[in-house]
Amino acid sequence: VQLQASGGGLVQTGGSLRLSCAASGSIRGINVMEWYRQAPGKQRELVARISGRGTTDYAESVKGRFTISRNNSKNTVFLQMNSLKPEDTAVYYCLVGTFLLGTFWGQGTLVTVSS
């Protein structure tokens, strides 16, 4: 099982980016899909979560600006990030949780927001 994250890059304050994370390989029974981020010198933190039924949850710092979604037929999770701020600068990681196979992490994609 591999998770391929993409969509990171450099953007100015107030700009937008859309991250994608696609799971490939013999993966079945995906339940929760999540996005985390880790800024330099800080701990990794949960940014957004979407359950198998589509229920979403967000960190307070991104509520109203970020939207998580998923395409179950393609085993892909997305993170639409709007109104980006310099404090959103971090490496963003996706996580996929399954019912039987455990959890899997993506390799991370760097988001840099310039002021």
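The values are calculated or read from the model by the stated rules, or taken from the named source; none is laboratory data. Just so it is clear, the model here is predicted, and its values are computed rather than measured. Note: ideal-geometry Cβ built from the backbone for every residue, glycine included; neighbour counts use all protein chains shown. Protein only, heavy atoms only, side chains kept; ligands, DNA and RNA dropped before computing areas. Shrake-Rupley method; radii C 1.70, N 1.55, O 1.52, S 1.80 Å.
So here's what we get for this one:
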{"item": "Two-site FRET efficiency, Leu46 against Ser73, from Cβ-Cβ distance with R₀ of 35 Å, rounded to 0.05", "result": "0.90"}
{"item": "Point-charge dipole on Cβ atoms (K/R +1, D/E -1) for region 17-76, about Cα centre, debye to 20", "result": "140"}
{"item": "Bins of 10 Å, starting at 0 and running to the largest distance - Cα pair percent for the chain", "result": "15, 50, 28, 7, 0"}
{"item": "Highest average packing first - 40-46, 25-31, 63-69, Cβ atoms within 10 Å", "result": "63-69, 25-31, 40-46"}
{"item": "Efficiency of FRET between Ser115 and Asp57 - r from beta-carbon atoms, R0 30 angstrom, step 0.05", "result": "0.60"}
{"item": "Distance (nanometres) between label positions extended 7 Å along Cα→Cβ at Leu10 and Arg28", "result": "4.6"}
{"item": "Largest-first principal axis extents, alpha carbons of region 5-72, Å", "result": "37, 24, 24"}
{"item": "Accessible surface, the chain, averaged per residue in Å² (probe 1.4 Å)", "result": "55"}
{"item": "The chain, accessible surface, carbon-and-sulfur percent (1.4 angstrom probe)", "result": "48"}
{"item": "For the chain, size of Cβ-based charge dipole, Lys and Arg +1, Asp and Glu -1, in debye", "result": "220"}
